[in-house]
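The values are calculated or read from the model by the stated rules, or taken from the named source; none is laboratory data. All values reported here derive from a predicted model rather than from experimental measurement. Using ideal geometry, Cβ is built from the backbone for each residue, glycine included, and neighbour counts are taken over all protein chains shown. These accessible areas exclude ligands, DNA and RNA; they are computed on the full protein's heavy atoms, side chains included. Shrake-Rupley method; radii C 1.70, N 1.55, O 1.52, S 1.80 Å.
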Amino acid sequence: ASRMSDASSVLKSLELEPTVFLPNTDFELVVTDEGVCTPRNIRLNPWEEIEWDLNRLVSRAMLPPATPGDMDILNPNTAELTMGKHTYFLSLSFPQIESVEPYLPAMCADVDAMEFRSDLLDCREDRFALLRSLQWLRRRCRPHAVRAPGLTSPSGSVLDDVMPVVFTVRTAHQAGTWPDDENGVAKMFDLLELGLRSGVEVLDVESAWDPVRTDAILSMAEDRYSSLILGSHHKVPDEVSMEKAVGYFRHCHLSGRAHGAKVVLSIDDEENDTMADDAGKIAQSLCRAEGKPVVPNISLILGEIGQYSRIINERFTPVTHESLPSVAAPGQLSAKQILQQKLDCGHIEPC
């Protein structure tokens, strides 16, 4: 950790990072002492991990840009591949990413992606340490990424051990912890840019903030990156009308530029536990009628009162895991629990 901070401090003191490196590059890769000839490095060969990191990053950079509404499973970069039916991503809530290591073998077997909640990490103010944490997570997922889609490298080989990552900076009034005053929101967009520069598979973009900054990050993603954009909105703690709920989904489409829409609502009455699903489907119908892209929905109700919404949600459901000591959001279920409930309710047929 001290070496990372020292390296970051040197770059900042020389002003090379903001004036030279960032304006003139598209991607970032953290390298510390992996190439130093030490007994530990000779024994563990960490340089192999750097080579893998670079291969993954270049492979992502070479993918064609994703098109909102494209559901062709044969396309190497679509929401259908990453956010397909009965897919799940696991929300990580540890303040130090290394704390997740004992749970990774079991978790990777049950989910299709990991959500990197940068707002929950102790190192969130240090972009160098944050990027290092993200690379650490990817490396530790490699041996266990049994559900990962194949990623073709420029050499023609296929990387089958790349666990997709959802990069999230969840703000305080959206059920997260990141400050959402003017300065905080500006820094949030800086972190979203870091997510793009790290080559994340999915970038969560909250739809509620500055339209100018939102347009800038979307334009950057469209022009230079292959990341899928997940427009999101969390309405807590008050229940809203169906009309407003539909409006949230429409807003999360980000004017047709998002590849998926995630809306989390709050309800007072359990009888309304299908509100998010209903609102999402209405929004999709309106898009279809208007000739606009129809994108996957993540339609959820917060808390235990809304657990049924997680069972009927068809795509890319955020989950917890039985092995974890706590959940990242109230009412979260594991993938196994959801699948069992889907079977019991008749939403899917047994094989």
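Within segment 36-63, the residues that satisfy the criterion of being open to solvent by less than 80 Å² (accessible area, probe 1.4 Å) and under 20 Å from Leu194 (Cα atoms) are Ile50, Trp52, Asp53, Asn55, Arg56, Leu57, Val58, Ser59, Arg60, Ala61, Leu63. Could you grab the pairs with beta carbons closer than 9 Å, sequence gap of 6+ or different chains, first residue in segment 172-183 and within 19 Å of Gln332 (Cβ to Cβ), second one of a type in the set (S, T, N, Q) and at pLDDT 95 or above? Final answer for the pair search is Gln174/Ser232; Gly176/Thr168; Thr177/Thr171. All of Leu74, Leu131, Leu121, Leu137 fail the test of being of a type outside the set (Gly, Ala, Ser) and open to solvent by 60 Å² or more (accessible area, probe 1.4 Å), apart from Leu74. Considered as a group, the residues in segment 1-35 that are at pLDDT below 80 and of a type in the set (S, T, N, Q) include one that is surrounded by the most Cβ atoms within 10 Å (Cβ to Cβ), and that residue is Ser8. Does His253 satisfy being crowded, with 20+ Cβ neighbours inside 10 Å and touching a Gly at 6+ places or on another chain (Cβ under 7 Å)? The answer is yes for His253.
For segment 270-299, a tally of residues being surrounded by fewer than 16 Cβ atoms within 10 Å (Cβ to Cβ), in contact (Cβ under 8 Å) with a residue 24 or more places away in the chain and more than 25 Å from Tyr88 (Cβ to Cβ) returns 1. Only one of the numbered conditions (1) among the polar types (S, T, N, Q); (2) open to solvent by 50 Å² or more (accessible area, probe 1.4 Å); (3) in contact with an Asp or Glu (Cβ under 9 Å, 6 or more places away or on another chain) is violated by Thr168, and that is (2).
For segment 221-228, state whether one or more residues are assigned to a strand (DSSP E or B) and touching a residue at least 40 places away in the same chain (Cβ under 8 Å). Scanning segment 221-228, I find at least one residue that is assigned to a strand (DSSP E or B) and touching a residue at least 40 places away in the same chain (Cβ under 8 Å), so the answer is yes. On the stretch given as segment 182-220, residues that are surrounded by fewer than 21 Cβ atoms within 10 Å (Cβ to Cβ) and outside any helix (DSSP H, G or I) total 3.
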